[in-house]
Amino acid sequence: GFNRRHHITPLLASLHWFPVRFRIEFKILLISFKALLGLAPSYITEMLTPYESVRSFRSSGGNLVAVPKSRLKSKGDRAFAIRALLLWNELPEEIMLADCVFF
């Protein structure tokens, strides 16, 4: 048992809970993943445009998305249309190229 004086982090870890920030990022990435597979609503799918490089590199990820510039750095980068794309492009390539999600 845990009482009020115990630290909450071990309890959350034992319950397999993520801190709020990570849960939000996971949900954003899950919606992005579904949009790239065509399983999300069209208004979300339309936000994701594949990135097409002018040059061809061997190391270039095949599943990157183009990130539009935001005018407001403080609030603009927190909008779903920007944040989802930034998070997606930061994922490792093996995750980007996955065709399903396991929990």
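Restricting attention to region 75-93, does a residue exist that is surrounded by fewer than 12 Cβ atoms within 10 Å (Cβ to Cβ), at pLDDT 85 or above and under 14 Å from the mean Cα position of the chain (by Cα)? Checked against the condition, which is being surrounded by fewer than 12 Cβ atoms within 10 Å (Cβ to Cβ), at pLDDT 85 or above and under 14 Å from the mean Cα position of the chain (by Cα), region 75-93 yields at least one hit. For ARG71, the stated conditions do not hold, so it cannot be described as at pLDDT 75 or above, open to solvent by 70 Å² or more (accessible area, probe 1.4 Å) and either under 21 Å from ILE28 (Cβ atoms) or part of a helix (DSSP H, G or I) (or both).
Filter region 20-59 for residues that are exposed (fewer than 10 other Cβ atoms within 10 Å of the Cβ) and either in contact with a His (Cβ under 8 Å, 6 or more places away or on another chain) or closer than 17 Å to LEU87 by Cβ (or both); which is modelled with the highest pLDDT? By that ranking, first place goes to ARG21.
The values are calculated or read from the model by the stated rules, or taken from the named source; none is laboratory data. What you see is a predicted model; the values in this text were computed from it and never measured. A quick note on method: Cβ atoms are made from the backbone with ideal geometry, for glycine too, and the neighbour counts reach across all protein chains shown. SASA here: full protein model, heavy atoms, side chains in, ligands and nucleic acids out. Shrake-Rupley method; radii C 1.70, N 1.55, O 1.52, S 1.80 Å.
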